[in-house]
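Chemist: I am attaching a structure below and will ask some questions about it afterwards.
The values are calculated or read from the model by the stated rules, or taken from the named source; none is laboratory data. Because the structure is a prediction, the values reported are computed rather than measured. Here the Cβ positions follow ideal geometry from the backbone for every residue, glycine too, while neighbour counts run over all protein chains shown.
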Amino acid sequence: MKAEFSPAYQKYKKELTAFVNDFSHAGKKYGNQDRNTLKLFKLGEETINIKSFKKPNLVNKIAYRYIRKGKAQRSFEYAHVLLKKGIKTPQPIAYFEDKGVVFGKSFYVSKHLNYDLTYRELIHDSKFPNRYEILKQFTRFTFQLHENGIEFLDHSPGNTLIIVNSQSEYDFYLVDLNRMKFHEEMNYETRIKNFSRLTPDKNMVHAMSAEYARLIGEDKEKVYHDMWRETQNFFEKFRRKKQLKKSIKFWKK
């Protein structure tokens with residue numbers, strides 16, 4: 001199995017390899033297990049998490065083997081890029097890939113982060129403490145991504161972990177890193193569209209658009225109009241896709 005380790009964790013190659021080899025029987029399951037499997041392990045004094053990616057379909061088995069990088073490798077490499085650019089993400093430790101004739105299992109290993117909330121909590125609880133201030137700081141975090149030319153394609157509610165530093169200061173950490181684009185400079189349209197997957201809540205979009213308009217020096221009504229249009233487009237496509245899946249499932253019965 002192919003493996004690569006961050007410099008600080010080279011000394012743990014044996015232990016990390018053992019965790020991956022015994023993944024199906026060891027570790028403690030953590031979080032949502034619907035698509036991928038995430039487990040926690042103790043490595044010395046640290047808690048680490050290992051994500052086992054779902055086996056790709058046949059097309060991607062061939063593509064990840066011969067044409068493009070797999071999800072675990074991209075997650076590992078993108079994490080290092082983010083950290084170099086000053087963007088927080090859980091410390092990358094290693095990745096493993098089973099590369100036979102076609103691509104098989106893959107694993108991404110990172111330091112476990114004890115966080116306080118995700119963006120999702122802000123959607124479901126309109127009275128969440130300091131909600132408006134968190135949204136403003138989250139928008140500034142997204143602006144920082146854009147200024148660094150980072151288009152996070154999975155910029156969605158569960159993929160930013162939030163740590164409360166004090167009553168009014170928050171740290172934001174990106175996770176699920178395997179889908180990103182890197183630009184020399186991001187144009188206005190790409191920046192605005194990057195907010196579209198976050199929330200269908202009009203008030204939240206209004207708050208983010210006002211702060212983003214201030215940061216980029218644009219008219220706040222224009223930014224709100226454009227951001228809300230992109231949000232509506234995304235959630236309408238999402239609704240149609242979900243309905244189509246339900247219809248297909250029904251007719252297969």
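Chemist: Just to be sure I understand, how many residues within the stretch 90-142 are in a helix (DSSP H, G or I) and aromatic (F, W, Y)?
Modeler: Of the residues in the stretch 90-142, the ones in a helix (DSSP H, G or I) are 119-124, 131-142.
After this cut, where a residue has to be aromatic (F, W, Y) as well, the list is 119, 132, 138, 141.
The qualifying residues number 4.
Chemist: Can you confirm whether V59 is over 17 Å from L161 (Cβ atoms), in contact (Cβ under 8 Å) with a residue 40 or more places away in the chain and either out of contact with any helix residue (DSSP H, G or I) (no Cβ under 6 Å at 6 or more places or on another chain) or surrounded by fewer than 16 Cβ atoms within 10 Å (Cβ to Cβ) (or both)?
Modeler: In short, no.
Chemist: Output the number of residues of the stretch 44-74 satisfying the condition of being among the charged types (D, E, K, R), under 18 Å from S6 (Cβ atoms) and in a loop (DSSP other than H, G, I, E, B).
Modeler: Residues flagged as among the charged types (D, E, K, R), under 18 Å from S6 (Cβ atoms) and in a loop (DSSP other than H, G, I, E, B) within the stretch 44-74 amount to 2.
Chemist: Of the residues that sit in the stretch 1-43 and are in a loop (DSSP other than H, G, I, E, B) and aliphatic (A, V, I, L, M), which one is nearest to K71 (Cα to Cα)?
Modeler: So, considering only residues that are in a loop (DSSP other than H, G, I, E, B) and aliphatic (A, V, I, L, M), the one nearest to K71 (Cα to Cα) is M1.
Chemist: Let me ask something else. Quick check: anything in the stretch 14-34 crowded, with 17+ Cβ neighbours inside 10 Å, under 23 Å from the mean Cα position of the chain (by Cα) and hydroxyl-bearing (S, T, Y)?
Modeler: no
Chemist: To continue, here is another question. In the stretch 143-186, which residues are under 19 Å from H80 (Cβ atoms), in a loop (DSSP other than H, G, I, E, B) and of a type in the set (A, V, I, L, M)?
Modeler: Result: L153, V175, L177.
Chemist: On to the next question. Checking E45 against (1) touching a residue at least 12 places away in the same chain (Cβ under 8 Å); (2) farther than 18 Å from V175 by Cα, which single condition isn't satisfied?
Modeler: Of (1) touching a residue at least 12 places away in the same chain (Cβ under 8 Å); (2) farther than 18 Å from V175 by Cα, only one is false for E45: (1).
Chemist: Is the stretch 122-129 home to any residue that is surrounded by 15 or more Cβ atoms within 10 Å (Cβ to Cβ) and either under 17 Å from the mean Cα position of the chain (by Cα) or within 27 Å of F195 (Cβ to Cβ) (or both)?
Modeler: Yes - at least one qualifying residue is present in the stretch 122-129.
Chemist: Go through the stretch 187-237 and count every residue that is touching a Phe, Trp or Tyr at 6+ places or on another chain (Cβ under 8 Å), assigned to a helix (DSSP H, G or I) and of a type in the set (S, T, N, Q).
Modeler: Matching residues across the stretch 187-237 total 2.
Chemist: Right, next: What's the number of the condition I67 fails, among (1) within 17 Å of the chain's Cα centre (by Cα); (2) under 23 Å from L153 (Cα atoms)?
Modeler: Only one criterion in (1) within 17 Å of the chain's Cα centre (by Cα); (2) under 23 Å from L153 (Cα atoms) is unmet by I67, namely (1).
Chemist: While we're here: Give me the pairs: first residue in the stretch 8-31 and closer than 18 Å to P92 by Cα and modelled with pLDDT of 95 or more, second residue loosely packed, with under 11 Cβ neighbours inside 10 Å and among the small types (G, A, S), beta-carbon distance under 7 Å, and six or more apart or on different chains, which are they?
Modeler: none
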